[in-house]
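The values are calculated or read from the model by the stated rules, or taken from the named source; none is laboratory data. Quick caveat: nothing in here was measured; it's all calculated off a predicted structure. Neighbour counts are summed over all protein chains in view; Cβ atoms, including those assigned to glycine, are modelled from backbone coordinates with ideal geometry.
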Amino acid sequence: MSSFVQLLVSGLATGAIYALIAVGFTLLWQTSQTINFAQGEFVMLPAFFILAGMNWGAPFWLAVLIGVVISIVVLGFLFKIIVVDPMLRYGVLPLVISTIAFSLLLKESAKDFYSSQAQPFPALVPATDIDVFGAAISTQSLTVLAVAILAVTALHFLLSKTRLGRSMQATAQNPTLARILGIPVQRMVLYTFLINAVLVAIASILISPIYLAKFTNGETLGLAAFTAAIIGGFNQVRGAILGGVILGVLDNLSAAYVSSQYRGAFPLLILIAVILLRPQGLLGRVEERTV
Amino acid sequence: MNRLGALAAAAIFAVTLPFCLKPYGIYLISMWAVLTIAAIGLNLTLGYAGQVSMAQGAFVGIGAYTVALLMQTGCPFALAFLAAGLLCFVLGWILGYPALRVQHHYLAFVTLAFTTLVFLVLRNEEWLTGGTYGINGILRPVLFGWSTRKPLNFYFFSLGVLIILSLATWWLLRSPWGRAFVGLRENPLRAASLGIDTRRYTLMAFAIGSGLGGLSGALYAPLVQYIEPGSFGLSLSFNLLLMVIVGGSGYFFGPYVGALVAVLLPEWTQIAEDYYLIVYAALVMVMMAFCPSGILGLIDRILKLAWRGNRPAPALRTEGASS
C-alpha cells in the first residue's frame, strides 16, 4: 500500500508536468489553430538556456530568470512572428510540417551548440523523503506538484477572472466576433504564445532535474503532451489538465505493476481507445466544422 | 515533350551514374531508390489524400523485419517481399480506419503513437526481433540465378523495383481510383457530392501508401544487411515526411527529388557537415513559408512565369480548410 501511495504521488507529479505542457499546447490550438509539433522541444530547450546562464557564472535564480525571459522571446514571440504568422494563410497542414522542421532545428541546435551528453540540472529543493503514513514521499515530487498547481491556478485565474483572460477566451471561441467587439485579436493570440512559453519553461525547470537535460528529451515529452491533450479533449484547458494527470499516474503505475518495458505503450493504447470511442476527448465538446 | 526529354535524361543518368561511383556511392544511390519507394507511398497519403502520416518509417521497419525474419526461415525473397507489402497494407487499413472516422488531424496523432508502439515492440520482443541487437547477416536475394550480392547488381535491382512500382503508381493515378484521389485533394466537398465515398478513398490511399512503405522496407533490409529498432523510430518517419514536402507533395516526381535532397545532399555537400540538419530544417521552414508546394512547385512556378501563364502553382492542401 505504501509503495502504491509513493507511485501515485510521483505519478501525480509527472502528470502535473505533462498537464502544463498539454495546457500550453491546447491554448495554441484554440487561439490560432497551431498544432505545435515542436512542443516537446520547447520543454527541452529552456533547461539549456538556464544551464548556459549558469555557465556564464550567474547564480541559479538569476539563470532561471534569464532562461524564462529567453524562452518568452524565442519560443513565444519569435516563434509566433517568424514561424507561425507567415504560415497561417496556408492552413493547418503546412504549419504542422513547419513545426516538425522547427523541432528538428531546436533539437539539432541543442546538440551542436551545447552538448549531446545528458547534463545534470539543479533541483529546486534537495531530494529528501518525508514519511507520510509509512509512505516515503519525495520532496521533489511535492515541489513539482505545488509549483504546477500554482501555475495552473494562476492561469485559471488569469483566463476566467480578468478582463484580459476573458478577451483571450473570446478570441479562442470566435475571432471574428471578438474583433467586432473591439478586442485586439492579434495581440491576444500573441499573449497565448507568451503564456505557452512560460508554461514550457516552468515544465522544463521541473522535469530537467529528474530526466537530466538532454537534447532528445523533447520526443517523449511532446508525445506525452499530444496524448494528454487528446485524452482530455483538444479544445478544453481542463481536459488537458485531466489528460496530463491521467497519463502521469498511469505511466508510473503501469511501469510498476504491468511491464516496465512497455511503460510507453499504455498511454498510446489509451490514446487509440479514446480516438475510437470518444474522439472529442473525455471533457471535450464536439467541434463544429467551419465551412 | 520537354517532360519526356527530362525523364529520358534522368533515366540515362540513373543507369550510367553507378559506373562512375565507389561502392559507398553506389550504396547511397541504392538507398535513394529504396527510400524513394517509401516516399512515393507517403506522397499518395499526403499529396493526394491530404493526410499527414507519421508512420511511414514504422512501415518501412515492419517491411524490413518481415523480410529479414521470413528469409531466416528459408522463405524465398519474392514471397517475403510480397508478404511485407501485404502486411503493411492490412496494418495501414486497420490503423487508418478509426483515425479517419474523425476529421481533423487525428491520423497524424494515431500514426505518431503507432510509430512509437512499433519501436517498443521491435525493441522489447527479443525472441522475435533480436531486441536492441537487431538482426544481422541478412542475405541479398538471388533472382533467377542472378545474384544481387554485389553493390552494383543490388542497385540495378532496386532501380528496377522502383521503376515497376512507379509505373504501377502512375497507372493507379490514371485509373478511376486515382482520379478519385485527385478529386479528394482538389475539392473534398465536391468529390463527396459527386458520390465519391471520401473516407473510403482516403483510407485506401493511406493503406496503399503504407503497403509501399512495407515494400521499401523489404528492400531496405537486404540493402543494409543489418537492421535494428532505432533505425525505424520517429526520425525516419519525419525524414520521409520532409522528403515528400521538400520534393513537392502532390507532384508525381516530388518524392524522387525529395529523396535525392535528403539522402544524397548531406553526403555530397561536405561544407556544413555538422550543421547540415539545422540548415536543412531551416530551409524546410523557409520553403513552407514561401513555397509550400516544394522544389517541383517552385520549378513549376518559375516555368509558368517564364511562359507568362498566370495560374498559381497548386499549393499544399489541407483536408479541413478547403471543405
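Considering (1) surrounded by fewer than 22 Cβ atoms within 10 Å (Cβ to Cβ); (2) in contact (Cβ under 8 Å) with a residue 24 or more places away in the chain, the lone condition that residue B:96 does not fulfil carries the number (1). Considering the range A:276-291, and only residues there that are in a loop (DSSP other than H, G, I, E, B), among the aliphatic types (A, V, I, L, M) and closer than 19 Å to residue B:98 by Cβ, the residue that is modelled with the lowest pLDDT turns out to be A:286.
Annotation note: of B:229, B:222, the sole residue that is touching a Phe, Trp or Tyr at 6+ places or on another chain (Cβ under 8 Å), away from every other protein chain (no Cβ under 14 Å) and touching a residue at least 24 places away in the same chain (Cβ under 8 Å) is B:222. Restricting attention to the range A:247-271, which residues are surrounded by fewer than 20 Cβ atoms within 10 Å (Cβ to Cβ), assigned to a helix (DSSP H, G or I) and within 12 Å of another protein chain (Cβ to nearest Cβ)? Within the range A:247-271, A:265, A:266, A:269, A:270 qualify.
Residues of the range A:63-112 that are at the interface with another protein chain (Cβ under 7 Å from one of its Cβ atoms), of a type in the set (Ser, Thr, Tyr) and touching a residue at least 12 places away in the same chain (Cβ under 8 Å): A:98 alone.
Could we say that residue A:222 is more than 14 Å from chain B (Cβ to nearest Cβ) and under 13 Å from the mean Cα position of the chain (by Cα) here? So residue A:222 does not fit the description; no. Could you check, for the range A:153-160, whether at least one of its residues is touching a residue at least 24 places away in the same chain (Cβ under 8 Å), away from every other protein chain (no Cβ under 14 Å) and either assigned to a loop (DSSP other than H, G, I, E, B) or crowded, with 18+ Cβ neighbours inside 10 Å (or both)? Yes - at least one qualifying residue is present in the range A:153-160. The listed residues are B:244, B:279, and the only one of them that is part of a helix (DSSP H, G or I), at pLDDT 80 or above and within 25 Å of residue B:166 (Cα to Cα) turns out to be B:244. When the range B:193-226 is filtered for residues that are aliphatic (A, V, I, L, M) and either within 23 Å of residue B:277 (Cα to Cα) or modelled with pLDDT under 85 (or both), the ones remaining, listed by number, are B:194, B:196, B:224. Determine which member of the set B:74, B:92, B:145, B:57 is modelled with pLDDT under 80 and not aromatic (Phe, Trp, Tyr). B:145 is the lone residue from the list that is modelled with pLDDT under 80 and not aromatic (Phe, Trp, Tyr). Taking the criterion of being within 24 Å of residue B:227 (Cα to Cα) and facing chain A (nearest Cβ under 7 Å), the residues of the range B:87-127 that qualify are B:112, B:113, B:116, B:117, B:120, B:124. Give the range A:112-134 a look and list any residue that's surrounded by fewer than 14 Cβ atoms within 10 Å (Cβ to Cβ) and assigned to a strand (DSSP E or B), or say none. Correct list: A:129, A:130, A:131, A:132.
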